[in-house]
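*Asks:* I'd like to ask you about the structure that follows.
Every read-out reported here was derived from the displayed coordinates using simple, explicitly stated rules and does not represent laboratory data. Not measured: the values here are computed from a predicted model. So basically every Cβ, Gly included, is an ideal-geometry build from the backbone, and we count neighbours across all protein chains shown.
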Amino acid sequence: MRRRGFTPPHACGFTLIELMCALLILSILALMSFRGLGAVLEARDHVAQETAKWRGIAAVFSRFQHDLQLSAPRPIEAAAGRLAFGRFAAADGVDAPRRVAYRLNAGREIELWLWPGLDAAAEPARYPVLAGVAKLELRYLDGAQQWVEAWPGSERDPPLPQAVRLRVVLASGEDLVRVFSLQ
């Protein structure tokens, strides 16, 4: 005859305390895994944003260099934060000779201005090419190998500068300087 509430010594199973400890350990492991996955996803998003930012910056510098390499020996306008010049068509025939300008607008974006031709009679089309710019600075290398802030200097019909120094300070604090040769 068996007594009520008596468990024979050979019976196996888990007690309630053992099950609660196992559930507590599993929940702690799940929480650690969830936080680790969240950190990995945040890092991936940050890397994607930084990659997009630097890809955009590289595209602007590449476009600027391409336009400068095609610059025509025509008068250029260089004021504080703005450079406008004429450029020839590319050898591949994709674009036409036109006047181009780069400037920093009030929205802290570098804008590309494109005129339909070499003469600046018509209104240019304006395209923002880089956002989040705190400062745009242009300097020009003259014939005496001196960097000047304005071009043209005192000459009435000056030649193109030997080089253009482009400095871009981003709103995030990065200070980028590139020198482009016109020779």
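*Asks:* Length gain on complete extension for the stretch Leu23 to Arg167, per 0.36 nm per residue less the alpha carbon to alpha carbon distance?
*Replies:* 45.9 nm
*Asks:* Using just the helices of the chain, give the 222 nm mean residue ellipticity in deg cm²/dmol: DSSP H runs with n ≥ 4 each add -39,500 (n - 2.57), and the total is spread over all residues, rounded to 500.
*Replies:* -11000 deg cm²/dmol
*Asks:* For the range 48-181, build the charge dipole from Cβ charges (+1 Lys, Arg; -1 Asp, Glu) around the Cα centre, then report which of Leu166, Gly86, Ala52 sits farthest towards its positive end.
*Replies:* It is Ala52, whose Cα lies furthest towards the positive end.
*Asks:* I'm a student and want to see the number: the projected area of the Cα convex hull of the chain, averaged over all directions, in nm².
*Replies:* Taking the Cα atoms of the chain, their convex hull projects to 20.9 nm² on average.
*Asks:* Please order Cys21, Cys12 by the number of other Cβ within 10 Å, starting at the fewest.
*Replies:* In increasing order of surrounding Cβ atoms, one gets Cys12, Cys21.
*Asks:* Can you figure out the FRET efficiency of Ser181 with Arg55, using R₀ = 25 Å and their beta-carbon distance, to the nearest 0.05?
*Replies:* About 0.55, to the nearest 0.05.
*Asks:* Same structure, new question: By how many nm would the segment from Ala72 to Ala125 grow when fully extended, if each residue of separation counts as 0.36 nm and the alpha-carbon distance is taken off?
*Replies:* Gain on extension, Ala72 to Ala125, equals 17.1 nm.
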